[in-house]
1. Please verify whether the stretch 132-139 includes one or more residues that are farther than 17 Å from Ser239 by Cβ and either touching a helix residue (DSSP H, G or I) at 6+ places or on another chain (Cβ under 9 Å) or not assigned by TED's automatic domain parsing to the domain that holds Tyr224 (or both).
2. Taking only the stretch 245-303 into account, find how many residues are modelled with pLDDT under 70 and touching a Gly at 6+ places or on another chain (Cβ under 9 Å).
3. For the stretch 126-152, what are the residues that are of a type in the set (Phe, Trp, Tyr), crowded, with 20+ Cβ neighbours inside 10 Å and part of a loop (DSSP other than H, G, I, E, B)?
4. Please determine, by comparing only the residues of the stretch 410-446 that are in a helix (DSSP H, G or I) and farther than 21 Å from Ala316 by Cα, which one is modelled with the lowest pLDDT.
5. Do we find that Arg240 is surrounded by fewer than 22 Cβ atoms within 10 Å (Cβ to Cβ), closer than 27 Å to Gly45 by Cα and either out of contact with any Gly (no Cβ under 7 Å at 6 or more places or on another chain) or outside the structural domain of Ser63 (by TED's automatic domain parsing) (or both) in this structure?
6. Name the strands (runs of 3 or more DSSP E) wholly inside the stretch 153-262 in which the number of residues that are closer than 17 Å to His138 by Cα is 1 or more.
7. Can you go through Gly123, Gly83 and tell me which one is among the small types (Gly, Ala, Ser) and assigned to a strand (DSSP E or B)?
8. Among the residues of the stretch 225-249, what is the count of those that are among the polar types (S, T, N, Q) and closer than 17 Å to Val278 by Cβ?
Amino acid sequence: MNRPSFTSILLLQLTLLAGLHGAKWTYSGPEGEHHWPKNYPYCGGTFQSPIDIKSELLRFDPSLRPIEVQSYHLSPNEQLTLGNNGHSVQISLPSEMHISSLPHRYTAAQLHFHWGSPGRPAGSEHTVNSKQYAAEMHVVHFNSDKYPNMSMAVDKSDGLAVLGVLIEVGEFNPAFEQFIKFINGIKYRDQRVQVPGFNIRALLPARLDEYYRYDGSLTTPPCYPSVLWTVFRNHVTISRKQFLALATALYSSHAQDSAPVPLNGNYRKPQHVDSRVVLVSFKEGRGLHGTLTVTSPLRRKQVVQQLLVGDLADLADEGLYQLLPSGSEKLHAGKKKDLKNQQSETLAKAKQQMLKKSHTKHSVGKLGLAEHTLCYVSLEQRVFHQLKQSHTENLLVHTLRDAVFPQLNIKSYLDCKSELALPTIRHILRGRPTDEASELDHSLTKALMKPKKAYTGIKESEPMKNYGSLSPATVPRKPHSQGYPHPWLLPMEWED
């Protein structure tokens, strides 16, 4: 098979840029962001970015490693393309630049900016507890282990990783001056100039070990939900003069257009969280008192194994909190045993049961779980969109709810992306002894129905309609559910 030529790859990337930036869309007016979904359906879907990073969304994940960037210090002999695409200032980046601390190698493609207006220096896309910064830089990378270029990766669930840097007006920043001094050469749309390479690492905060992490989307059309977001906790500064260079020197119109249109205020407003959470790599400090910790993948696997082959009566008694949303541990606060002792004893019993029953045909693998991460959100949207169009919902919907979605929920639970839904637990229990399964089901239902003060990040719940042969479950209410047609994938389960 012939490899694609450099020219064909370049054409693909230019086509991508045309799709991302050349279509008729703006940030306000008749083609503003509220109208994007008309031409770009994903912009009206779920898992969109940016978001307001609120304290109640934060979960400390001790497995998050410091971000490691490679080959970010470029030689002045390296020529970079600085361009005005009508929506932002963009700098092309060489393929040697990459992130090495993620499960895959993510190769740099470009970086660009979003900023406010001269009279309102507030133009960051992500906000932190509703605070908007003056500007924001995005360094865009694609998964080069799996995809040959940005064009092929942009719409894949694991395709992109973006580093977000919040920018405040303050001290002069010499690193930013390396390209801002050339900005008059790209005043109008589609203008480009060559600039010498410089230290891109200097554009990032000093600390790369403190950051927010969540699954989201491109913040411009076509808004594909394909981005692993890393937004650094600490901001960087630029001087007011440097900010005004961005906010006043550029136009989103072509040089030949009779009425120049200033390029500023080019940021998308915060999107619905859609039951997502934000993992953080740090635990101490501002607004993080009482932050919960993600249940480890090992613990989640042990929970599923215990549902499959462990002592259900034991789980229904002392280990019930493992199956409940955050805060449910308080249901057992009156017990004499210490919670940690309960946890250790429960795991020990589960381990013994698993060893005794290791010959059983039941295992996590028997549930048909793929080893690679499923893009379950995209699958949901795709399936339900097709069902809605074909008007063949009843039989197929019941089949999906009974068979497919429990497996997706288990996979998302094991990947620490959701909690285990009650219908999924019942799906697993179908193969267990009736008495034990009934006891656990009764205990779980009773615990879920018992009034308690829930964790503020989990929305109030309401009963679900009967799905096929499954009984009603308690699920989060989603006030904006138009792109999220069913409640199988719930907010994460956490433990203190």
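The values are calculated or read from the model by the stated rules, or taken from the named source; none is laboratory data. Computed from a prediction, not measured in an experiment: that's the story for all the values here. Backbone-built Cβ (ideal geometry, glycine too); neighbour counts: all protein chains shown.
1. yes
2. 1
3. Across the stretch 126-152, the qualifying residue is only Tyr133.
4. Once the filter is applied, the top-ranked residue is Ser412.
5. So Arg240 does not fit the description; no.
6. Filter on the stretch 153-262 gives 160-169, 211-216, 227-232, 236-238.
7. Only one candidate qualifies: Gly83.
8. Of the residues in the stretch 225-249, the ones among the polar types (S, T, N, Q) are 226, 230, 234, 237, 239, 242, 248.
Within this subset, residues satisfying the condition of being closer than 17 Å to Val278 by Cβ are 230, 234.
Residues flagged as among the polar types (S, T, N, Q) and closer than 17 Å to Val278 by Cβ within the stretch 225-249 amount to 2.
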